[in-house]
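Student: Pasting in a structure now, in structure tokens, and then I'll have a few things to ask.
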Amino acid sequence: MAETQFIKTQVHDGRPAIEQENAIQRCLAFAGIHDTSFEDLIWEQHAGTLSDSYEGSEGTWAYSGGVLQGTGNGSAQWYKIRHVTDVEPGFVVTFDKTSDRGGFLFNCDDSYNCHMVWWQSNCVGLSLLAGSTGSTLLSLPIAETGAATVKIAVWPRSYSSVDEIDDLAVMLWFDDRHLFTHMMPYVYYGDAIGLAVYESDTATFDNLRVPQLHHIVEWTSVDPGEPVSSGVSRVIGYEDIKMRARYDGTVHVWRETGSAVDWAMSNDRCLTQNTEENLFWPSHYRLVGAMHEADGFRPGNQGHIFAVGQDPNALSASETYDKAERKHEKIEEAARVTSVATAPNPTLEPEDVVTLDGETWRVVSINYRAIQKGDVRRPIAVLESTIQMRECL
Amino acid sequence: MTTLVTNIASRSGGLFDACMASEYLLRVYFSTLSDLGSGALSDIHCERLPDETEGDCAWEALTMPTMSPVSVPPSIVTNGNLARIFFSSGEKIQYIECSDVSIDGTPSFGNPVDVATVSGVLFLAAVSTDKVYYITQTSQNNRRMHVAEESPPGSWTATSSDVYWPFPIYAFDAEALSEYDVLMMASELSPLIGSRAVGTEVTTEAEAVQGIVTFRVANGRWSDHDVIDTIDQVEEFPSRGSLRLSQANDILFASYTRCGGKGDYTYTKLAIARSKDGINWEFPELLDTITAPAVVLPRDDYLYVAGVSCTMRSPCCAWAGQTPVSTDITDYVTGIESQAAEIRTTRTVLSNPGNVLDGTLAVPDSRVQIVHDLGYVIDGAGTRVTVSTEDVTAYGNNRQLPRRGVSLRSQDVLSRINRVVSDYATEWPGQQAGRDAYNDPTGTGYGGMTHTAPYTGSWEASGGICKLTSRCMQGLAVSTFVTDALNGSIRAGFLLHETDKGEYVGVALRIFDKDNFTYVAYFADDDTISLRQVIGGDETTLATSGAMSWTIDGSTWYYIMARVHYGMVYVYTSTDGVTWSAVSWDTGSAETPGMVGFDNANLQVWSGKFGLIGYAYAESAASPPDWTPSPWPEPKYPEGESGVLMLSEDKVACSENFFDLGEDARWEDITGSITGTIYHIDLGDRNQAFLTSEDGLWYCPNVRATSPTWVCIKTATAAESEVGHSGKFKGVGVTPGGTVYAPWHMSSLGGIQSGYYSGGAGALSFTWFPQPGGWDFASSPGRSSWCVYAKNGIYIGCGTGGGDGAGLYYGNAIERYDLWGYVPAVWDGYFSDWGGNVYPIGGGDAVYEDTECERFGAEMLGGHMLYMKGNGRYLYLDDTLIADALSVLGHETAARATFWNNKLDHIVWLRRYSASAGDTVVACTDDRFINFFDRTGNYFTAVGTWEGANGTSGENGNAMCILYPKRGITIG
């Protein structure tokens, strides 16, 4: 007698997908900080020139009235368009849609080999596309029509090894109502994302957004007796994420990647400048991740100097390498610092980029002191201001 | 909150709301007779508070119309100066409107206008003058949200959500944001379930969890929920309630009762949390002085918190998004030092000559922010640039003669993440999802169960296939991937081999252990899919599909998916695992029972685990010999967490220590002012009691009180006068929401319809039953209401007695009618007739015939019928004799109506030799009277005369109830 057999078991629970931005925002709000600003990896309000943001269009795509509008050419197939910005798996994307049928592409290469979450009037599902042809992976009879804010999460899962993505979990919500979660073996095609319309449909999309801090966080918490900062720390881990309060009380959170100059400081403004360089910063840097080690090399003039760091949150080999490279750069930046005494610039804030005398610096701290000295009847106003900066590479 | 605007100490309760109306504050208040769950109200107020900039003013009363709201919290909303107050009248949602609350003199509200005809509204909340959300309870005890919208004006349309919230809700409110509506409720949540070994048995324990839950509604679509501010060691019950939402300056304010602490350090405070989006909420502030419900209302003149009994105000502040009251201290600054790095810290030194800063914001005794500007003076003109906005964290008063100064230390807002410390486990978990590949890297055949844990049966997995290898027994294996207790899904493909051998296979959900779970399976013999619930090993079929016409040949794969969405289970099937079809049910529904109260948590083992289930047949495994010895069971006593309430003909007595073994039961006479022969009693969820005697219907607000008091809320004399026919109150039932139903038993009145009183203690209303078709008035006159069952729906039995016609009403409609005489008893799913037969409510023949104590003594125990036979000597559970009064009570004749199933499936059996002597009280649990103990104590002293003590007829003083189920109770 043969046994009762089961195959292809999948489960999910009903919780939301929370990426780093959401997780940090929840922690900050919990601390009473409601005015926040985060940066975007993609934020499309669909004005300007289509080609600035999208490429590889099939059918007819155009900006119309502040929305992206796509129309198919009539054949029974999906007509697609890609965003120019790549998004690695492990993200939550949101956008608004109005039409009853449409699709969102991810894991996409230039030939539209990709996966696509789709919806139509009587069902929602997931397909694997190979150019103009496709095969359905899931079709679930859930009828959700009309306008909706769509949220799609693509979450890489690793079971067999932290260094390998075994599955992608794909999740779909309309207006924060969960519609499906589907798990599938991971096959890499590309890092592009895109949108699609079917046949001769005209579909509109708007407010396409992927946050800069888009990695999905499994668990965020502030435990009893803990300050909120503990929860924030767990979300950020060892990542180089900046968080600063701005002049108006808003808190800005971002991963520092740019070096655009915020203030070109003239030489005559500088009263004193003291620059110090640690010559013995490591030329070789090894990061010990959770399972992997990655070595980086940056040439210096003091021979071979070795240093080791660790980051237990660096799980995969590629992540460990990326983090090693970033940390090494930060170490080199911190090796050369300068202190400038100058009349304060009230608009300058920490982490701003300043050029001075042909060099580029990143503001570490700003100190100023305004006091009255001397006889109480004839006080002398004294104003001192110092800016500490590190090299900006 | 420093200034008290007004205080009305006489007001209390939760029937309160407040809002802004142009330049006015408005508040509405319905009074209650006492803290009831329901009841029509007569004392109704709406008042306005004008702008107070020019001085303190008083609230001014508006003229209210004649109206009869019941005790559901009202909701007041405005549009400019137009105000509407939405309320429930019991059978309808209505509103009253004042077109201009700002007019001089006394503005007035018009007469009630219907919004929707809907009874049993638990809560309602309007977000605008043309949109009101409300919550009702389904027959399966799930709470369902609805919305009624007015479009065009005067035309209201109601739509229902697909959220079947399974837990009791303690408070509810809603607000409209620009992109969606935010709905918030204080609710019971999935209890923490644990197991504990007691003797040789494993018991299941539940710990109450309560919290604040939010939903959002956008584009007509109801979001999934979020949970904020939870508590899992509940000292006060409920620990979250009296919720009110308000919105101003793009900030949502949530105010609610928040209880916390442990032991001697418990507190109950008004908590206020803020949010910009209804999703991200802050750790709440706690306010003294004001008790919930209270509404946060920023206005141009002050920031107000308007509460039911008092209103407080503070100066305008940035916390509420107002232009704050400020003090320019530039002229006093003698020094400033600021360091800005990750967090900016600043020390500002002020001169304070002659203590000139005393009483200003520069000398803070409350929360103050300091804004630093730097800038330039060019040609005498200054240009200021704001550098930072910081919280003042320390204040110093410095003297260095001749100087007198003040120093302020401040930090920017980011520093709050180091200052705000949570007092509870604040969690925002993300979704868990998993796919079990069933690969076996060990090659043993047992290494593939990577994420699957067998609970029963033998399982193995390899090569992408998971196999249930054991035969002729149910196999259950649980996925280790997910944890959420409410929503989620599981799907799997399966292969069966046999028909007509009892084989089935499917997926399981909400698994706690092998005896408590729900599952969906394909039953090969029936060729149907069935949704079933297993509680304590007992299985109930919730829904069954039509024939699937599937081929069971050992080679054809089918797929099944169960998607759990709150109280509903959506089931899909597929032949390829890709394209799925929804299963429709031929019988039953996919709605799973909700939790009535935490004390019935045992009926819902709330676990988020999913799994696989199956049963496979094998000839060789069928009918194995039963060699297992039967061990002598260990005694299993109810734990001392409940008390017992007993009635006699003229007394009500309670024992708080009934289950505390090792000491005599102490009985306390709590009859108080009750007069007349006592008939029946029932309790509401908040320990309020309603009791019938020949003198009327009595109400006790809290039988847990040290000295419970009774009020006759409807005398028999008054009822006779109102109804126009003499009679008595006999049966009484209270719904989980607290509404009482008391039939007016009109005996020997020919040709008169029957009816009942319902409502709350404040205002009962009488309802006639409709005359059903087919009732023979000529031969069956004098019908009268007799009994009522109000736990899982309102069932009222009536009839003439003596074998003439009798009816069973469900709500206000006839459910069944036959020549039963009276319908003297209704229980969960069954009712009895005068002749001793027990029928299922849903229809069909008698399931038990000629039981002998059926009229008053039968009950349901763990889903089974418990009844006496043999003149009260024998106690049966279904068809099984479980106790003999001779051995248990010492006398072969047990008193009639002597046990009462409580909410915990414990039963108590009582006998008395005569009307005044010879009591024996026996308690046992669901182990079928294997263990019992005499808890007589001095019961005889406390409980008086008992009519018909030696017989089995009569209806007086027949009830016994278990009281006071407590948090953390053992339910196994």
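Student: Do you know which residues across region A:216-238 are crowded, with 16+ Cβ neighbours inside 10 Å and in a loop (DSSP other than H, G, I, E, B)? I'd like the intermediate steps shown before the answer.
Tutor: Residues of region A:216-238 that are crowded, with 16+ Cβ neighbours inside 10 Å, as a first pass: A:216-217, A:220-222, A:226-232, A:234-236, A:238.
Selection gives A:VAL217, A:THR220, A:GLU226, A:TYR238.
Student: If a residue has to be outside any strand (DSSP E or B) and either hydrophobic (A, V, I, L, M, F, W, C) or closer than 23 Å to B:GLN210 by Cα (or both) to count, how many in region B:140-173 make the cut?
Tutor: If we filter region B:140-173 for residues that are outside any strand (DSSP E or B), which is where we start, we get B:140-142, B:151-155, B:166-168.
Subsequent filtering for residues that are either hydrophobic (A, V, I, L, M, F, W, C) or closer than 23 Å to B:GLN210 by Cα (or both) retains B:140-142, B:166-168.
Residues flagged as outside any strand (DSSP E or B) and either hydrophobic (A, V, I, L, M, F, W, C) or closer than 23 Å to B:GLN210 by Cα (or both) within region B:140-173 amount to 6.
Student: Looking only at residues in region A:231-263 that are small (Gly, Ala, Ser), farther than 21 Å from A:PRO16 by Cα and facing another protein chain (nearest Cβ under 9 Å), which one is nearest to the chain's Cα centre (by Cα)?
Tutor: Checked region A:231-263; the qualifying residue nearest to the chain's Cα centre (by Cα) is A:ALA245.
Student: I'm trying to understand the selection: among the residues of region B:193-203, which are in contact with a strand residue (DSSP E or B) (Cβ under 6 Å, 6 or more places away or on another chain) and either within 14 Å of chain A (Cβ to nearest Cβ) or among the β-branched types (Val, Ile, Thr) (or both)?
Tutor: The answer is B:ILE193, B:VAL202, B:THR203.
Student: Among the residues that make up region B:579-591, is at least one of them assigned to a loop (DSSP other than H, G, I, E, B), in contact with a strand residue (DSSP E or B) (Cβ under 6 Å, 6 or more places away or on another chain), buried (at least 17 other Cβ atoms within 10 Å of the Cβ) and at the interface with chain A (Cβ under 9 Å from one of its Cβ atoms)?
Tutor: The answer is yes, given that some residue of region B:579-591 is assigned to a loop (DSSP other than H, G, I, E, B), in contact with a strand residue (DSSP E or B) (Cβ under 6 Å, 6 or more places away or on another chain), buried (at least 17 other Cβ atoms within 10 Å of the Cβ) and at the interface with chain A (Cβ under 9 Å from one of its Cβ atoms).
Student: Looking at region A:165-175, is at least one residue away from chain B (no Cβ under 11 Å), among the small types (Gly, Ala, Ser) and more than 24 Å from A:GLY72 (Cα to Cα)?
Tutor: no
Student: In the set B:THR291, B:THR334, which member is over 25 Å from B:THR6 (Cβ atoms), out of contact with any helix residue (DSSP H, G or I) (no Cβ under 8 Å at 6 or more places or on another chain) and among the polar types (S, T, N, Q)?
Tutor: B:THR334
Student: Scan region A:51-72 for residues that are closer than 13 Å to A:VAL197 by Cα, buried (at least 16 other Cβ atoms within 10 Å of the Cβ) and over 24 Å from the mean Cα position of the chain (by Cα) and jot them down.
Tutor: Matches in region A:51-72: A:SER57, A:GLU58, A:GLY59, A:TRP61, A:GLN69, A:GLY70, A:THR71, A:GLY72.
Student: Restricting region B:332-367 to residues that are among the basic types (Lys, Arg) and at the interface with another protein chain (Cβ under 10 Å from one of its Cβ atoms), which is nearest to A:VAL364 (Cα to Cα)? Full working, then the answer.
Tutor: So the first thing to find is which residues in region B:332-367 are among the basic types (Lys, Arg), and the list is B:344, B:347, B:367.
Within this subset, residues satisfying the condition of being at the interface with another protein chain (Cβ under 10 Å from one of its Cβ atoms) are B:344, B:347.
Numbers: B:ARG344: 12, B:ARG347: 20 Å.
The extreme case among them is B:ARG344.
Student: Can you name the residue in region B:368-394 that is more than 13 Å from chain A (Cβ to nearest Cβ) and touching a strand residue (DSSP E or B) at 6+ places or on another chain (Cβ under 6 Å) and is also surrounded by the fewest Cβ atoms within 10 Å (Cβ to Cβ) among such residues?
Tutor: Out of the qualifying residues, it is B:ALA394.
Student: B:LEU286 fails exactly one of the following numbered conditions: (1) surrounded by 16 or more Cβ atoms within 10 Å (Cβ to Cβ); (2) of a type in the set (A, V, I, L, M); (3) out of contact with any His (no Cβ under 8 Å at 6 or more places or on another chain). What is the number of that condition?
Tutor: Unmet condition: (1).
Student: Let me ask something additional. Condition first: assigned to a helix (DSSP H, G or I), at pLDDT 85 or above, out of contact with any His (no Cβ under 6 Å at 6 or more places or on another chain) and under 26 Å from B:THR386 (Cα atoms). Can you find one or more residues in region A:268-276 that meet it?
Tutor: yes
Student: Out of the residues in region B:701-727 that are out of contact with any Gly (no Cβ under 8 Å at 6 or more places or on another chain) and part of a helix (DSSP H, G or I), state the one that is surrounded by the fewest Cβ atoms within 10 Å (Cβ to Cβ).
Tutor: Only one residue fits best here, namely B:SER721.
Student: Could we say that B:LEU361 is closer than 18 Å to B:GLU390 by Cα, over 41 Å from the mean Cα position of the chain (by Cα) and part of a loop (DSSP other than H, G, I, E, B) here?
Tutor: yes
Student: Filter region B:232-245 for residues that are surrounded by 24 or more Cβ atoms within 10 Å (Cβ to Cβ) and among the polar types (S, T, N, Q); which is nearest to A:ASP223 (Cα to Cα)?
Tutor: B:SER239
Student: Moving on to the next point. Kindly indicate the residue of region A:153-162 that is away from chain B (no Cβ under 11 Å) and either farther than 19 Å from A:VAL87 by Cα or under 19 Å from the mean Cα position of the chain (by Cα) (or both) and also modelled with the lowest pLDDT among those meeting that condition.
Tutor: Only one residue fits best here, namely A:VAL162.
Matching residues to (1) closer than 15 Å to A:LEU179 by Cα; (2) without any contact (Cβ under 8 Å) to a residue 60 or more places away in the chain; (3) surrounded by 16 or more Cβ atoms within 10 Å (Cβ to Cβ); (4) small (Gly, Ala, Ser):
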| residue | (1), (2), (3), (4) |
| --- | --- |
| A:ASN107 | no, no, yes, no |
| A:SER111 | no, yes, no, yes |
| A:CYS114 | no, no, yes, no |
| A:ASN122 | yes, yes, no, no |
| A:LEU128 | no, yes, yes, no |
| A:GLY134 | no, yes, yes, yes |
| A:PRO141 | yes, yes, no, no |
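Student: Considering only residues that are modelled with pLDDT under 80 and more than 32 Å from the chain's Cα centre (by Cα), look in region B:5-56 and name the one that is farthest from B:ALA306 (Cα to Cα).
Tutor: Within region B:5-56, the match that is farthest from B:ALA306 (Cα to Cα) is B:GLU54.
Student: Checking A:THR347 against (1) over 25 Å from A:SER283 (Cα atoms); (2) out of contact with any Asp or Glu (no Cβ under 9 Å at 6 or more places or on another chain), which test does it fail?
Tutor: It fails just one condition, (2).
Student: Restricting to region B:652-670, and then to whatever is buried (at least 20 other Cβ atoms within 10 Å of the Cβ) and at pLDDT 70 or above, can you tell me which residue is nearest to B:ALA825 (Cα to Cα)?
Tutor: So the residue we want is B:VAL652.
Student: Continuing with the same structure: Report, by residue number, each residue of region A:197-230 that is more than 7 Å from every other protein chain (Cβ to nearest Cβ), on the phi < 0 side of the Ramachandran plot, in contact (Cβ under 8 Å) with a residue 40 or more places away in the chain and more than 20 Å from the chain's Cα centre (by Cα).
Tutor: If the condition is that a residue be more than 7 Å from every other protein chain (Cβ to nearest Cβ), on the phi < 0 side of the Ramachandran plot, in contact (Cβ under 8 Å) with a residue 40 or more places away in the chain and more than 20 Å from the chain's Cα centre (by Cα), then A:VAL197, A:TYR198, A:SER200, A:ASP201, A:THR202, A:ALA203, A:THR204, A:PHE205 are the ones that fit.
Student: Name, by its number, the condition in (1) in contact with a His (Cβ under 9 Å, 6 or more places away or on another chain); (2) on the phi < 0 side of the Ramachandran plot that does not hold for A:SER57.
Tutor: Tallying (1) in contact with a His (Cβ under 9 Å, 6 or more places away or on another chain); (2) on the phi < 0 side of the Ramachandran plot, A:SER57 fails exactly one: (1).
Student: Also, quick follow-up: Specify the residue that is nearest to the chain's Cα centre (by Cα); the eligible residues are those in region B:412-449 that are among the polar types (S, T, N, Q) and within 7 Å of chain A (Cβ to nearest Cβ).
Tutor: B:THR426
Student: Which one is nearest to the chain's Cα centre (by Cα) among residues in region B:123-174 that are small (Gly, Ala, Ser) and surrounded by 17 or more Cβ atoms within 10 Å (Cβ to Cβ)?
Tutor: Filtering first and then ranking leaves B:ALA171.
Student: What is the number of the single condition among (1) surrounded by fewer than 21 Cβ atoms within 10 Å (Cβ to Cβ); (2) more than 14 Å from chain A (Cβ to nearest Cβ); (3) within 26 Å of B:TRP428 (Cβ to Cβ); (4) touching a residue at least 40 places away in the same chain (Cβ under 8 Å) that B:CYS310 does not meet?
Tutor: In the conditions (1) surrounded by fewer than 21 Cβ atoms within 10 Å (Cβ to Cβ); (2) more than 14 Å from chain A (Cβ to nearest Cβ); (3) within 26 Å of B:TRP428 (Cβ to Cβ); (4) touching a residue at least 40 places away in the same chain (Cβ under 8 Å), B:CYS310 misses (3) alone.
The values are calculated or read from the model by the stated rules, or taken from the named source; none is laboratory data. The shown structure was predicted, so the numbers you read here are calculated from the model rather than taken from an experiment. Don't worry about glycine lacking a Cβ; one is built from the backbone with ideal geometry, like all the others, and counts go over all protein chains shown.
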